[in-house]
Amino acid sequence: MLRKYAPVLVLFVLSPLVAEVLLGATTLSHIGGLLPVSLLYGGGALLIRELARRRGTGWGRILLLGAAYGIAEEGLVIQSLFNPNLFNAAIVGGRALGVNWVWTQWTLGYHAVWSMLIPILLAELLFPARAREPWLGRLGLLAAGGLYLLGALVIGAAFRFVVAPGFNAALPQLLGAALAAAA
């Protein structure tokens, strides 16, 4: 059983480790904060990989889905695309329509490559015999989706009430982010 789900567990762990720990967004002294982030990143990486592999599409699709993941996380969950004070986003400028476009460009590329593509590539390199096949059944997909949604709710609540209390993106911004992610 462990052999069957080893690639799933590896990808689930690799995504937050590569994106958050390797690049220094989460330091080892704050490693406890990685648990809720792992739900979001790990669940998202599993869903993206499964969708791409079930449709037989390549790395370009994974990059596009990774960008959609970034829009969902940064636009809907954290709302950093719209908050000029979060992560010192106002310093880099380039704001129009309430969006920090410089930050948006950077963070979507970051999520597409570092949060999704590289962890998926590494997991598939570690399990080459299973690289082109789906790793999850219907129940596994539902579990990955549930973990992703739980992570989004926990991270979203943390940003609404602790990290950036008082900031809420405007409804048109949220709708625009949702439409962009869905597209």
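Here the chain is treated with +1 on each Lys and Arg Cβ and -1 on each Asp and Glu Cβ, and its dipole about the Cα centre works out to around 540 debye.
The slack in the chain from Ala25 to Leu139, taken as 0.36 nm per residue of separation less the alpha-carbon distance, amounts to 37.9 nm.
Helix 2-16 and the longest principal axis of the Cα set of the chain meet at an angle near 20°.
Each label point was placed 7 Å from the Cα along the Cα-to-Cβ direction; for Asn168 and Asn85 their separation is 1.6 nm. For region 74-143, the list of trypsin sites (Lys or Arg not before Pro) that fall in a loop by DSSP and count at most 10 other C-beta atoms within 10 angstrom reads Arg132.
Below 8 Å, C-alpha to C-alpha, sequence gap of six or more: please give me the relative contact order for region 1-182 in percent.
Working: 217 pairs, mean separation 62.4, N = 182.
Computed over region 1-182, the figure is 34 percent.
Mind checking Rg over Rh on the chain, alpha carbons, Kirkwood formula for Rh? Could you put the intermediate results ahead of the total?
Working: Rg = 16.3 Å, Rh = 16.7 Å.
Across the chain, the Cα-based Rg/Rh ratio is 0.97.
Read the figures in this text as sums done on the coordinates, not as results from a lab. Please read all numbers here as calculations on a predicted model, not as lab measurements. With ideal geometry, Cβ positions are generated from the backbone for all residues, glycine too; neighbour counts draw on all protein chains shown.
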